[in-house]
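S.K.: The following block contains the structure, expressed as C-alpha cells.
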Amino acid sequence: MALPTMAVLIFFLVLPIVMIVVVSFWQATEFSIIPAFDFENYEFLFGSNVTYRVFFNTFKYALITWALTLGIGFTVAYFLAFHVRSLTWQIVLFLLCTIPFWTSNIIRMISWIPFLGRNGIANSALISWGVIDEPLDWLLFSDFAVILAFVHLYTLFMVVPIFNTMMRIDKSLIEAARDAGASGAQILWNVIIPLTKPGIMIGTIFVVTLVMGDFITVRFMSGSQSANVGRLISNDIALLAYPSASATAVVLLLTVLIVIGIMLRFVDIRKEL
Amino acid sequence: MTTLSRRNVLKGGAAFAAGTTLGAPMIWAQNIKDVTLRQFGTGVSNLNDVANKVKEDLGFTLEMTALDSDSVTQRAATQPNSFDIADIEYWICKKVWPTGNLQAMDTSKIKNYDKIVGIFRNGKLTPESTIAQGTAPHTVGFTEGPDGKGFVDNESGWMTLIPTIYNADTLGIRPDLIGRPINNWSELLNPEFKGKASILDISSIGIMDMAMVVESMGEYTYPDKGNMTREEIDLTMAIFTEAKKNGQFRAFWKSFDESVNLMASGEVVIQSMWSPAITAVKSKGVPCVYQPLEEGYRSWGGGIGLSAALTGLERDAAYEYINWYLDGWVGGYLMRQGYYSAVPETSKNFMSENEWGYWFEGKAATDTITSPTGDALAKAGELRDGGSFQDRMGAVACWNAVMDENQYMVRKWNEFIAA
C-alpha cells in the first residue's frame with residue numbers, strides 16, 4: 001500500500017515543488033526563460049522594500065482573519081455542540097452552515113461589491129436610517145472589505161474541525177467539573193478549550209494557509225489597490241517572469257511552513273487525534 | 001460538438017496535399033469544411049458572431065479564446081502550438097515576433113492590401129501627418145522576408161500582422177456627476193475627483209495613460225513617451241504613487257467588465273477606459289462620455305498573426321479568413337462598436353448611411369444609432385464623441401508601446417500597486 005501512495009506523492013507533490021525551486025534560480029527575459037543557477041531573483045526579492053511591505057500585509061490579513069474566524073467559528077461550534085441537544089438539529093444546523101459553499105467562492109466574494117459600494121445597499125440603508133449623512137467609502141475597496149470577505153469565506157474552515165473535536169469531548173468530564181464546583185467560565189477555560197485545541201489548530205492551519213496563499217480576494221475586494229504575496233506571484237506570472245514568481249513562491253512556502261511549524265510546537269495534533 | 005480533432009484535421013490536410021497534385025479544386029472545397037482554426041486574442045475582437053459568420057460564409061470552423069493582454073502575450077510567446085491564429089496588438093507583436101512563433105504573411109495574397117489605411121503601411125494617416133510616439137504599428141508591421149526575424153521600415157511585402165482593428169483611447173467620464181467640461185488628461189489627478197478616479201492595472205497601457213497625465217500637468221515633457229528612461233519611469237511613478245497615497249483612486253481595473261461596473265455604479269467618475277466599455281455603460285442608460293482631450297489620444301492597433309506551425313490547407317484557410325476579414329462584414333461590425341476597420345471603405349458596404357455618417361464621418365445621427373446587440377446608443381441629432389475618423393485618428397499623441405526598460409517599468413508598476 002505504501003508504494004503507490006509514495007509514488008503519487010512524489011509525482012504530484014514533491015516533483016512540482018522541486019521544479020519550482022529549480023526554476024526559482026533561472027533567469028527570464030520578457031519572452032524567454034533561461035535555465036541557469038543564479039541568485040538574482042532572490043537578491044531582487046530581498047533587496048526590495050516592496051517585498052517586506054507585501055509580506056507584512058499578508059501577515060496582517062492572516063492574523064486579523066484568524067482572530068475573527070476563531071472567535072466566530074468557536075462560538076458557532078460551541079453553540080452547535082453544547083447548546084443544541086438533539087443530534088437531528090445538530091446535523092440540520094451544521095448543514096445550514098455549509099449552504100453558502102454550494103456556490104463558488106468567487107461569486108460569494110463578488111456579491112459583496114454591489115452591497116458595499118458607494119451607492120450600494122449598505123450605504124443607502126445607513127443613510128435612510130439617518131446613521132450617516134455621506135456614503136462611507138471605506139466599506140469597499142479597502143482592507144476592511146478584504147478582511148470581511150476572508151472572514152465570510154473561511155469561517156467554516158474553523159467551525160468544522162472545532163465542532164468535530166467538541167463532539168468527541170466526553171460529556172461526563174463537563175459534569176465532573178460542574179460537580180467539583182467549577183463555574184461556566186472555568187469549565188470553558190480549563191476543560192473545553194484545552195480539549196478542543198487540536199480542532200482549533202487544524203482550523204488555524206486551514207485559515208492561515210488559505211489567507212496567505214490567496215490573491216483573488218485581495219485583488220477584487222481592494223480594487224487592486226492592496227497587494228499580498230499571492231498577487232506579487234500572479235503579477236509575475238502574468239508578465240512571464242516565472243523564475244521570479246517561483247522565487248517568491250519558495251519564500252512564501254518557507255514562511256508558511258515556519259508558521260505552521262511554530263504552531264505545531266504548541267499542540268501535537270497527531271497525538272491528540 | 002461536431003468539430004473534429006486536430007489529428008483528423010491533419011489527416012484531411014494530407015488528403016488535400018494528395019488532392020492538389022491532381023489539380024481538383026472540388027476536393028479543396030470539401031476539405032475546407034473540415035478545417036478548424038484556433039484563434040485567441042483579447043476580448044475586443046474575439047466575438048462569437050464572427051465565428052458564426054465564418055462558418056456561414058467560408059464553411060470552416062473558427063474556435064475563439066478570449067484572454068487579457070498579459071495572458072495573450074504569454075500564450076503567443078510560450079505556447080506556439082496552442083493556436084493557429086493570434087489576434088494580438090502591435091506592441092505585443094514587438095515582444096512575440098522575435099520568438100519566431102509567428103510566420104510572415106505574403107501581402108500579394110491579401111486582396112485588399114492596397115486599401116489598408118496608411119497608418120499600418122507607412123505610418124501616415126495623410127501625407128502631412130506626423131507619426132506619434134510609442135510603438136507605431138508600421139514600425140513592427142513588416143519583416144524582411146518569409147523567414148524574417150526582425151522588423152523593416154518599408155513595405156517589404158511581408159507583414160508580421162495583418163491589421164484588423166484599432167482605435168484612439170482617452171478618458172471616460174460621467175458628465176452627470178462631474179457637471180463641468182473636462183478638457184485635459186491632468187484632470188485624472190485633480191483633487192476634485194479624490195476617491196473617484198481610476199486607472200487600468202495593465203502596466204504597458206497604464207504607463208502611457210500616466211505619461212499623458214504627467215505631460216498635461218506640465219510636470220515633464222517626454223522625448224518619447226513610448227520609450228522612457230529609468231529616471232522618467234521613476235518620476236512618473238512618483239507622481240502617481242503620491243496621488244494614490246492621497247486617496248485619489250477608488251480602484252484599479254484589469255478587465256473590461258470591471259471598468260464598466262466602476263463607471264456604471266458611480267464608484268468612479270473619471271478613468272482610463274476603452275470604447276466598448278463606454279458603449280456598455282451607455283446601454284445601461286447611464287450617461288458616459290468618451291472625452292476628447294486637448295493633448296490628444298493614446299492609440300492602439302491590433303492585427304492577425306499566423307502561427308509558425310500553420311501550413312498547407314489550414315494556412316490557405318487562414319488566408320481566406322484574413323481576406324474575408326478585410327472584406328467589410330467584420331469591419332462594419334467593429335465600427336458599430338466604435339472601433340475602426342483597417343479597410344474602412346469595404347466596411348461602408350455593410351453599414352447604413354446613418355451609421356457610416358455617425359461612426360466614421362462624425363456627422364450628426366439622422367436616426368437612432370444602435371449597438372450590434374441592439375441597444376440604443378445615440379438618438380437622432382447626436383454626434384460621436386471626438387468627431388470623425390480624421391479628427392480622432394489624426395490627433396493621436398502616442399501608441400501603446402513596449403519600452404526598452406520594460407522589465408524595470410513592470411517592477412516599478414508592481415511597487416506602485418503595492419504602495
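The values are calculated or read from the model by the stated rules, or taken from the named source; none is laboratory data. The shown structure was predicted, so the numbers you read here are calculated from the model rather than taken from an experiment. Cβ sites come from the backbone with ideal geometry, for glycine too, and all protein chains shown count toward neighbours.
S.K.: For residues that are more than 20 Å from A:ILE193 (Cβ to Cβ) and either touching a residue at least 24 places away in the same chain (Cβ under 8 Å) or assigned to a helix (DSSP H, G or I) (or both), scanning just segment A:66-89, find the one that is nearest to the other protein chains (Cβ to nearest Cβ).
M.R.: A:TRP89
S.K.: Search segment A:44-65 for residues that are more than 10 Å from every other protein chain (Cβ to nearest Cβ) and pair each with any residue that is assigned to a helix (DSSP H, G or I) and among the small types (Gly, Ala, Ser) when their beta-carbon atoms are under 7 Å apart and the residues are at least 6 apart or on different chains.
M.R.: Correct list of pairs: A:LEU45/A:ALA247.
S.K.: Now, a different point. Which condition number in (1) farther than 20 Å from B:MET403 by Cα; (2) outside the structural domain of B:TRP274 (by TED's automatic domain parsing); (3) in a helix (DSSP H, G or I) is the one that B:LEU177 fails?
M.R.: Checking B:LEU177 against (1) farther than 20 Å from B:MET403 by Cα; (2) outside the structural domain of B:TRP274 (by TED's automatic domain parsing); (3) in a helix (DSSP H, G or I), the one that fails is (2).
This table checks each residue for (1) under 20 Å from A:ILE258 (Cα atoms); (2) modelled with pLDDT under 95.
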| residue | (1), (2) |
| --- | --- |
| A:LEU9 | no, yes |
| A:PHE39 | no, yes |
| A:PHE44 | no, yes |
| A:ARG53 | yes, yes |
| A:ILE72 | no, no |
| A:PHE94 | no, yes |
| A:ARG108 | no, yes |
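S.K.: I want to confirm something. Restricting to segment B:243-255 and keeping residues that are charged (D, E, K, R) and closer than 17 Å to B:ASN414 by Cβ, which single residue is surrounded by the most Cβ atoms within 10 Å (Cβ to Cβ)? If you could, list the steps in order and put the result at the bottom.
M.R.: Residues of segment B:243-255 that are charged (D, E, K, R), as a first pass: B:244-245, B:250, B:254.
When the remaining residues are screened for being closer than 17 Å to B:ASN414 by Cβ, the result is B:244-245, B:254.
Values: B:LYS244: 17, B:LYS245: 10, B:LYS254: 19.
For segment B:243-255, the residue satisfying everything is B:LYS254.
S.K.: Also, I was wondering about something else. So B:GLY328 ticks every box in (1) surrounded by fewer than 22 Cβ atoms within 10 Å (Cβ to Cβ); (2) in contact (Cβ under 8 Å) with a residue 40 or more places away in the chain but one. Which box is left unticked?
M.R.: It is condition (2) that B:GLY328 fails.
S.K.: Could you tell me whether segment B:80-97 includes any residue that is over 19 Å from the mean Cα position of the chain (by Cα) and on the phi > 0 side of the Ramachandran plot?
M.R.: The answer is no; no qualifying residue exists.
S.K.: Please tell me if B:TRP91 is outside any loop (DSSP other than H, G, I, E, B), over 23 Å from B:THR311 (Cα atoms) and within 14 Å of chain A (Cβ to nearest Cβ). Outline the logic, then answer.
M.R.: Values: outside any loop (DSSP other than H, G, I, E, B): yes; over 23 Å from B:THR311 (Cα atoms): yes; within 14 Å of chain A (Cβ to nearest Cβ): yes.
Yes: the conditions hold for B:TRP91.
S.K.: Next up: Could you pull out every one of the helices (runs of 4 or more DSSP H) wholly within segment A:192-268 that has 1 or more residues that are hydroxyl-bearing (Ser, Thr, Tyr), away from chain B (no Cβ under 12 Å) and more than 24 Å from A:PHE44 (Cα to Cα)?
M.R.: Details: elements: A:193-213, A:216-221, A:229-238, A:242-266.
Once the helices (runs of 4 or more DSSP H) in segment A:192-268 are filtered for at least 1 residues that are hydroxyl-bearing (Ser, Thr, Tyr), away from chain B (no Cβ under 12 Å) and more than 24 Å from A:PHE44 (Cα to Cα), what remains is A:193-213, A:216-221.
S.K.: Is it true that B:GLU382 is under 30 Å from B:ASN354 (Cβ atoms), acidic (Asp, Glu) and more than 9 Å from every other protein chain (Cβ to nearest Cβ)?
M.R.: yes
S.K.: Using the structure shown, decide if A:GLY181 is away from every other protein chain (no Cβ under 14 Å) and assigned to a loop (DSSP other than H, G, I, E, B). Let's see the steps before the verdict.
M.R.: Numbers: away from every other protein chain (no Cβ under 14 Å): yes; assigned to a loop (DSSP other than H, G, I, E, B): yes.
Yes, satisfied.
S.K.: Okay, moving on. Quick one: would you say B:TYR358 is more than 30 Å from B:GLU215 (Cβ to Cβ), touching a Lys or Arg at 6+ places or on another chain (Cβ under 8 Å) and surrounded by 20 or more Cβ atoms within 10 Å (Cβ to Cβ)?
M.R.: Working: more than 30 Å from B:GLU215 (Cβ to Cβ): yes; touching a Lys or Arg at 6+ places or on another chain (Cβ under 8 Å): yes; surrounded by 20 or more Cβ atoms within 10 Å (Cβ to Cβ): yes.
In short, yes.
S.K.: Considering every residue within segment B:199-210, establish whether at least one is within 13 Å of chain A (Cβ to nearest Cβ) and assigned to a strand (DSSP E or B).
M.R.: Checked against the condition, which is being within 13 Å of chain A (Cβ to nearest Cβ) and assigned to a strand (DSSP E or B), segment B:199-210 yields at least one hit.
S.K.: Just checking, does segment B:177-185 include any residue being more than 23 Å from B:VAL410 (Cα to Cα), touching a Cys at 6+ places or on another chain (Cβ under 7 Å) and small (Gly, Ala, Ser)? Please lay out each step first, then the result.
M.R.: Here is the first cut: in segment B:177-185, the ones more than 23 Å from B:VAL410 (Cα to Cα) are B:177-184.
Applying the additional criterion that residues be touching a Cys at 6+ places or on another chain (Cβ under 7 Å) yields none.
No, there is no match, as no residue in segment B:177-185 is more than 23 Å from B:VAL410 (Cα to Cα), touching a Cys at 6+ places or on another chain (Cβ under 7 Å) and small (Gly, Ala, Ser).
S.K.: So, in segment A:24-37, exactly how many residues are surrounded by 14 or more Cβ atoms within 10 Å (Cβ to Cβ), farther than 30 Å from A:SER222 by Cα and more than 9 Å from every other protein chain (Cβ to nearest Cβ)?
M.R.: Total satisfying the criteria: 3.
S.K.: Mind listing just one residue for me: the one in segment A:42-65 that is small (Gly, Ala, Ser) and part of a helix (DSSP H, G or I) and, of those, surrounded by the most Cβ atoms within 10 Å (Cβ to Cβ)?
M.R.: Ranking the qualifying residues of segment A:42-65, first place goes to A:ALA62.
S.K.: Mind listing just one residue for me: the one in segment A:140-150 that is over 12 Å from A:ARG108 (Cβ atoms) and in contact (Cβ under 8 Å) with a residue 60 or more places away in the chain and, of those, nearest to the chain's Cα centre (by Cα)?
M.R.: Out of the qualifying residues, it is A:ILE147.
S.K.: Right, here's the next one. Looking at segment A:61-77, can you tell me whether even one residue there is in contact with an Asp or Glu (Cβ under 7 Å, 6 or more places away or on another chain), within 30 Å of A:ASP133 (Cβ to Cβ) and not acidic (Asp, Glu)?
M.R.: no
S.K.: So B:SER69 fits all but one of (1) under 26 Å from B:THR143 (Cβ atoms); (2) away from chain A (no Cβ under 14 Å); (3) within 16 Å of the chain's Cα centre (by Cα); what number is the exception?
M.R.: (2)
S.K.: In segment B:29-66, how many residues are away from chain A (no Cβ under 14 Å), more than 20 Å from B:PRO98 (Cα to Cα) and either part of a loop (DSSP other than H, G, I, E, B) or in contact with a helix residue (DSSP H, G or I) (Cβ under 7 Å, 6 or more places away or on another chain) (or both)?
M.R.: Residues flagged as away from chain A (no Cβ under 14 Å), more than 20 Å from B:PRO98 (Cα to Cα) and either part of a loop (DSSP other than H, G, I, E, B) or in contact with a helix residue (DSSP H, G or I) (Cβ under 7 Å, 6 or more places away or on another chain) (or both) within segment B:29-66 amount to 22.
S.K.: Still on this model: Scan segment B:256-280 for residues that are surrounded by 23 or more Cβ atoms within 10 Å (Cβ to Cβ), small (Gly, Ala, Ser) and either within 12 Å of chain A (Cβ to nearest Cβ) or touching a His at 6+ places or on another chain (Cβ under 6 Å) (or both) and jot them down.
M.R.: The one that is surrounded by 23 or more Cβ atoms within 10 Å (Cβ to Cβ), small (Gly, Ala, Ser) and either within 12 Å of chain A (Cβ to nearest Cβ) or touching a His at 6+ places or on another chain (Cβ under 6 Å) (or both): B:SER259.
S.K.: Residue check: is B:ILE233 under 26 Å from the mean Cα position of the chain (by Cα) and within 14 Å of another protein chain (Cβ to nearest Cβ)?
M.R.: The answer is no for B:ILE233.
S.K.: Something else about it: Within the set of pairs 6 or more residues apart or between chains, which connect a residue that is more than 11 Å from chain A (Cβ to nearest Cβ) inside segment B:399-419 to a residue that is acidic (Asp, Glu) with Cβ atoms less than 7 Å apart?
M.R.: B:ASN400/B:GLU89
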